[in-house]
Amino acid sequence: MRILISADMEGISGIVDWGQVLSDKPDYAGGRQLMLGDVNAAINGAFVGGAEDVTVADAHNHGRNLLIEGLDSRARLHSGSPSPHGMLSGIDDQPPYDALVFVGYHAMAGAKKAILCHTWSHVTVAGVWLNGQAVGEIGLNAAVGAYFGLPVVALTGDRVACLEAQSLLGPALEVAVVKQATGRYAAECLPLGESRERICSAVARGVSKLKAGQAPAPWGVATPIALEVEFYYPEQAERAFLVPGTERRSGTRLAYSAPDAMVAYRAFRAMVGLGRG
Ligand SMILES: [Zn+2]
């Protein structure tokens, strides 16, 4: 059984502020160590649950957060950017993966009491919809997973991220809540030992459910997919409108019809890249 772990940073144990996740800030070195701890707990959980092969995609910012010298040596690492599949680097590897695990994920832009909630770019994207369903990075990446036939079997993050994931992907999704936010930049964080135990056992349960045929189904989105993106400012929508095929729905909203989730993901990433300026 082959597992691909996509590791973001905002939902990592102990992280509550941009200063811990942006590489030019003094707290980033500590944030990186926290990320390694959670990812290693997830790798261990995958093997405990019965995985034979584990790869990690460093999915935060430019994909250069995880220090390979500190990573569990049983796992390979996809590092750096840009890569064709974004937060799911390597998802098209052969032989195919069997499932995805999302570690350190966060709630969508605009969520209430959710640490560092945003969707892709916290200065650019106010909202994203797939066929009218509001999604954040959890939904966007789950849809790409489904394009490759893969379910998400476990997710870790703050309480609101875990609730968002279960309401979208179903209650069979195993989650590890590692902190409970009282605001966008404040949370009660579990002790790291307890947090990592939760991560390890949620991932182990997710992978063993997969083996037993009880994992959630891949989150397939009906095609063609109506993608809508709401930007914060009109000039961002104007720059993103350079993506061929986009339609302007309002000063700040663009729509795009995608034949499948992979095209929707590429179009979205292109829009955000241009929109950010
Ligand atoms: Zn991130």
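The values are calculated or read from the model by the stated rules, or taken from the named source; none is laboratory data. Note that the structure is a prediction, hence the values are computed from the model and not measured. Backbone-built Cβ (ideal geometry, glycine too); neighbour counts: all protein chains shown.
Here are the numbers for the structure shown:
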item: Which numbered condition residue 154 misses (of (1) among the hydrophobic types (A, V, I, L, M, F, W, C); (2) surrounded by 17 or more Cβ atoms within 10 Å (Cβ to Cβ); (3) over 17 Å from residue 13 (Cα atoms); (4) assigned by TED's automatic domain parsing to the domain that holds residue 91); result: (3)
item: Residue in segment 68-77 that is crowded, with 23+ Cβ neighbours inside 10 Å and in contact (Cβ under 8 Å) with a residue 12 or more places away in the chain present; result: no
item: Of residues in segment 141-151 being over 19 Å from residue 43 (Cβ atoms) and more than 13 Å from the chain's Cα centre (by Cα), the one surrounded by the fewest Cβ atoms within 10 Å (Cβ to Cβ); result: 149
item: Residue 30 vs. criteria of a type outside the set (Phe, Trp, Tyr), more than 14 Å from the ligand (Cβ to nearest atom), farther than 24 Å from residue 145 by Cβ and more than 17 Å from the chain's Cα centre (by Cα); result: yes
item: Residues of segment 118-143 satisfying the condition of being in contact with a Gly (Cβ under 9 Å, 6 or more places away or on another chain) and either more than 24 Å from residue 250 (Cα to Cα) or basic (Lys, Arg) (or both); result: 138, 141, 143
item: Matching residues, segment 81-104, being modelled with pLDDT of 95 or more, away from the ligand (no atom under 15 Å from the Cβ), within 18 Å of the chain's Cα centre (by Cα) and over 23 Å from residue 41 (Cβ atoms); result: 85, 92
item: Residue check, residue 64 in contact with a Phe, Trp or Tyr (Cβ under 6 Å, 6 or more places away or on another chain) and surrounded by fewer than 24 Cβ atoms within 10 Å (Cβ to Cβ); result: no
item: Failed condition for residue 139, given (1) out of contact with any Leu (no Cβ under 6 Å at 6 or more places or on another chain); (2) touching a residue at least 60 places away in the same chain (Cβ under 8 Å); (3) within 16 Å of the ligand (Cβ to nearest atom); (4) farther than 19 Å from residue 240 by Cα; result: (1)
item: Close pairs from segment 9-29: first free of Cβ contacts under 8 Å to residues at least 60 places away in the same chain, partner of a type in the set (S, T, N, Q) and within 10 Å of the ligand (Cβ to nearest atom), Cβ under 8 Å, at least 6 apart; result: 22/61; 23/61; 23/65
item: Hits in segment 218-277 - residues which are closer than 30 Å to residue 154 by Cα and among the small types (Gly, Ala, Ser); result: 220, 222, 226, 257, 258, 261, 264, 267, 270, 273
item: Matching entry among 63, 19, 11 (being touching a helix residue (DSSP H, G or I) at 6+ places or on another chain (Cβ under 6 Å) and not charged (D, E, K, R)); result: 11
item: Residues that are modelled with pLDDT of 95 or more and within 19 Å of residue 139 (Cα to Cα), drawn from segment 204-216; result: 206
item: Pair list, Cβ < 6 Å and 6+ apart or interchain, from segment 100-123 residues that are over 24 Å from residue 276 (Cα atoms) to residues that are assigned to a loop (DSSP other than H, G, I, E, B); result: 100/150
item: Residue check for residue 185: over 18 Å from the mean Cα position of the chain (by Cα) and more than 22 Å from residue 141 (Cβ to Cβ); result: yes
item: Odd one out for residue 256, checked against (1) among the hydroxyl-bearing types (Ser, Thr, Tyr); (2) assigned to a strand (DSSP E or B); (3) surrounded by fewer than 18 Cβ atoms within 10 Å (Cβ to Cβ); result: (3)
